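The values are calculated or read from the model by the stated rules, or taken from the named source; none is laboratory data. Predicted model only: the values in this text are computed from it and were never measured. A quick note on method: Cβ atoms are made from the backbone with ideal geometry, for glycine too, and the neighbour counts reach across all protein chains shown. Ligands, DNA and RNA are excluded from the accessible area calculation, which covers all protein heavy atoms including side chains. Shrake-Rupley method; radii C 1.70, N 1.55, O 1.52, S 1.80 Å.
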Amino acid sequence: MPINNIVVLTGAGISAESGVATFRGPDGLWEGHRVEDVATPQALRRNPELVHRFYDLRREKLGTVEPNAAHLALARLDREWPGELLVVTQNVDDLHERAGLTRLVHMHGELLSALCASCGAKHRWPGAMPAGTVCPGCGEPALRPDIVFFGEMPEHMDRIERALADAQLFVSIGTSGAVYPAAGFVQTAAYHGARTLELNLERSAGSAWFDETRLGPAGTLVPAWVEEVLNSSPAYSGGGGPA
Ligand code: OAD
């Protein structure tokens, strides 16, 4: 079947070569914190100072990292792929955007965004956000990091489910497959007839669900895959592919 619709899922592994620590690697991002202490609604209620400081540090760190070859390759795919494309990222960094990717949704929130727990408004927030920061919209001291905590509903699920149902190719990059619902996207896409490909440093928890797995660093695997997919599309008229 010719490929027109592609869905790409990215996880922490795509940002690893930029210097952003992954969650479940040996240098795990939690930096001594248990997930329940920094990434749950209960933690935010119990110890808002700790949670806010944790995400302030991660936001600060964004200023010291740059998109890598894998982010740039997906941005190239976005520019040059004539069919449908949706990149769904679990990452809360902004490296996809900085690489120039536009067909993108953040399903686990964004470090550079603040969510008002009182009025529900979101505000772009590049600086520090101490506990009790006042919402510029409603004036309540209720701003929190716009991060989907464990137990909360991931964002953009309707759009993601629709894209998965229409996809002919589903590609998962740099994710351990440990966190649902993202870990189940491969099964949804396959159920609807998509070919499924995993690009990861090591086999993920759901590796057996994929038609194909390529092991290696994203900075090498992703540019090679993008080149391949652009050249294989009959609809693609750039980059040396058939017109
Ligand atoms: P993980 O840290 O669980 O997994 C990262 C994956 O990337 C692992 O399978 C690594 O082998 C792989 N990896 C590491 N370096 C790589 C490289 N250079 N190239 C390719 N792959 C590499 O991160 P996620 O799967 O993204 O949720 O974690 C999912 C969610 O768990 C996160 O979004 C976060 C966390 O709790 C929230 O914040 C809500």
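Numbers below:
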| read-out | value |
| --- | --- |
| Potential extension, Q187-E60 segment - 0.36 nm per residue separation minus Cα distance | 42.1 nm |
| Kirkwood Rh in Å, taken over all unlike Cα pairs in the range 47-104 | 12.9 |
| Solvent exposure ordering (accessible area, 1.4 Å, most first) of Y55, Y191, Y180 | Y191, Y180, Y55 |
| Full-extension gain in nm, E228 to H156, via 0.36 nm per residue minus C-alpha separation | 23.0 nm |
| Highest to lowest packing among 56-67, 158-169, 194-205, scored as the average C-beta count within 10 Å | 194-205, 158-169, 56-67 |
| Solvent-free Debye scattering, log10 I(q)/I(0), computed from the Cα coordinates of the range 65-142 at q = 0.16, 0.25, 0.27 Å⁻¹ | -0.68, -1.11, -1.22 |
| q = 0.12 Å⁻¹: log10 I(q)/I(0) that the Debye formula gives for the range 1-128, counting C-alpha atoms only | -0.52 |
| Binned Cα-Cα distances of the chain, short to long, each 5 Å bin given as a whole percent | 1, 6, 13, 18, 19, 16, 11, 8, 5, 2, 1, 0 |
| Share, in percent, of DSSP beta bridges within the chain that are antiparallel, nearest 5 | 25 |
| Theoretical gain in end-to-end length, V134 to D37 [0.36 nm per residue, Cα-Cα removed] | 32.6 nm |
| Whole-Å semi-axes of the ellipsoid equivalent to the range 80-200 (Cα gyration tensor, √5λ, descending) | 31, 15, 13 |
| Length-normalised contact order for the chain - Cα pairs under 8 Å, 6+ apart - percent | 23 |
| Debye-sum result for the range 131-243 in log10 I(q)/I(0), which assumes one identical scatterer on each alpha carbon, at q = 0.10, 0.16, 0.24 Å⁻¹ | -0.45, -0.86, -1.34 |
| Descending principal axes extents, the range 158-201, alpha-carbon based, whole Å | 27, 19, 15 |
